Amino acid sequence: MKKVVLGMSGGVDSTISALLLKEQGYRVEGVYMKLHGNPAYHAIHQARAQKAADFVGVPLHILDLQETFHEKVFRPFVQTYQEGKTPNPCALCNRTIKFGAMVAFADRLGADYIATGHYLRHDGRYLQTAHDATKDQSYFLFDIDPTLVPRLLFPLGEKHKSDIKAYAAGIKGLESFASQGESTEICFVETTYAEVLKPYVEVDCEGEVLDIAGNVVGKHKGYMHYTIGKRKGFSVHGAHDPHFVLEIRPQTNQIVVGKRESLECHRVEVEKINLFDERSDFECEVKLRYKTPAIKCHVALGGDRAIVTLHESAFGVASGQAAVFYVGENLLGGGWIV
């Protein structure tokens with residue numbers, strides 16, 4: 001019987017994943033990962049994960065990764081904001097923690113496979129989009145080690161979220177899991193990004209708003225409150241049309257704003273390229289943020305960098321986010337926007 005180590009958060013997705021894997025004949029062992037340093041959060045979610053593991057009948061390991069998470073995910077999150085960029089901590093966490101440290105732990109247990117409750121699939125070579133397009137999480141896994149793909153199991157990749165919740169609701173003892181609220185997009189952000197950043201950096205520091213000609217046209221409440229494309233939270237004297245953040249200047253605590261057409265972008269530079277196969281220049285589609293539609297493009301590679309030429313306009317492209325490449329349902333890889 002093949003052994004699989006499953007990340008268990010205490011939510012409905014990982015709980016049903018454990019049930020499905022057992023039904024498929026795997027010997028399942030769960031692992032709850034303590035990441036950010038929030039004891040109250042872990043008290044709740046670790047108890048839920050233990051309850052789920054007990055119900056399914058699998059052992060649950062507790063893996064304390066708080067120091068690693070702080071060093072590899074949280075500190076870069078803060079630093080990226082300090083640099084005036086827009087971080088993507090979930091993709092970074094997947095590379096270093098969930099498909100990094102957890103894989104190393106699974107190896108120590110002698111596991112054949114690693115599983116999570118993510119919504120995506122794979123064919124042994126490429127990660128693939130989930131059947132439920134509204135829940136597809138392939139974007140956030142673009143940067144994992146490609147050699148891991150054959151060892152990964154995603155029991156929910158061909159399921160729909162509504163079906164998972166209905167399935168859980170129909171199982172006596174799991175009704176409470178089905179009715180739990182959705183987890184937050186970023187686990188350590190319970191209020192706002194600004195509140196998370198305040199203990200580490202000066203967030204509320206009033207600065208100047210500039211137009212594209214360099215004229216001072218208003219005030220803002222601190223550059224860390226903004227990302228490219230944001231249109232609220234700053235003043236523009238005498239403006240009648242909406243204005244959007246075009247540029248963030250952390251050294252001078254200034255933001256540059258303009259009308260929406262000034263956000264238009266046709267060329268994106270990307271670094272730290274991670275691909276799931278070997279290829280040179282290629283045509284594909286690219287997603288420049290998780291919630292935006294994919295855009296047809298040409299990718300010209302040069303070492304671990306690439307120039308992405310878009311075949312149609314994109315708006316609000318932000319440094320620090322991920323550019324993720326697809327051909328059909330296959331995820332080819334991606335990189336970080338610079």
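For the range 184-309, max minus min Cα coordinate along each principal axis, in Å, sorted largest first?
49, 36, 26
Output ³J(HN,Hα) for the range 60-65: one whole-Hz value per residue in order, computed from phi by the Karplus curve 6.51 cos²θ - 1.76 cosθ + 1.60 with θ = phi - 60°, and x for Gly and Pro.
Each residue of the range 60-65 in turn: 10, 9, 9, 10, 8, 10 Hz.
Pairs of alpha-carbon atoms within less than 8 angstrom and 6+ residues apart define the contacts here; what relative contact order does the chain have, in percent?
Once normalised by length, the contact order is 14 percent.
If I histogram all Cα-Cα distances within the chain using bins 20 Å wide from 0, what percent of pairs lands in each bin?
28, 54, 17, 0
Can you list which of the trypsin sites (Lys or Arg not before Pro) found in the range 134-178 are DSSP loop residues with at most 10 other C-beta atoms within 10 Å?
Lys172
Expressed as an acute angle from 0 to 90° and rounded to the nearest 10, what is the orientation of the C-alpha long axis of helix 12-23 relative to the principal long axis of the chain?
Value to nearest ten degrees: 40.
With the chain treated as a Gaussian network of Cα nodes joined by springs under 10 Å, which of Leu20, Leu92, Leu153 yields the largest mean-square fluctuation?
Leu20
Calculate the dipole size of the chain relative to its Cα centre from +1 charges on Lys and Arg beta carbons and -1 charges on Asp and Glu beta carbons; express the result in debye to the nearest 20.
Result for the chain is approximately 560 debye, rounded to the nearest 20.
Label points 7 Å out from Cα along the Cβ direction at Ser235 and Thr134: separation in nm?
Result for the modelled spin labels: 4.2 nm.
Mind pulling the per residue volume of the convex hull built on the Cα atoms of the range 263-337? Å³ is fine.
In the range 263-337, the Cα hull volume divided by residue count equals 76 Å³.
Enumerate the lysines that Lys259 could reach by cross-link, defined here as Cα to Cα under 27 Å, with residues fewer than 8 away along the same chain left out.
Lys85, Lys219, Lys221, Lys230, Lys232, Lys287, Lys291, Lys296
Which of Leu156, Leu301, Leu35 ends up with the largest GNM mean-square fluctuation for the chain, with Cα atoms connected below 10 Å?
Leu301
Return the calculated 222 nm mean residue ellipticity for the chain, to the nearest 500 deg cm²/dmol, obtained by summing -39500 (n - 2.57) across DSSP H runs with n ≥ 4 and dividing by the residue count.
Using -39500 (n - 2.57) per qualifying helix, the result is -5500 deg cm²/dmol.
Run through every distinct alpha carbon pair of the range 64-193 and return the Kirkwood hydrodynamic radius in angstroms, one decimal place.
Here the Kirkwood hydrodynamic radius works out to 16.4 Å.
State the Kirkwood hydrodynamic radius of the range 2-152 in Å, one decimal place, computed from all pairs of distinct Cα atoms.
16.0 Å
When the chain is treated as a GNM, springs tying every alpha-carbon pair under 10 Å, which of Lys198, Lys98, Lys221 comes out with the largest mean-square fluctuation?
Lys198
Laboratory data are not the source of any read-out in this text; all were calculated from the coordinates shown. None of these values were measured; they are calculated from a predicted model. Note that each Cβ is placed from the backbone with ideal geometry, even for glycine, and that neighbours are counted across all protein chains shown.
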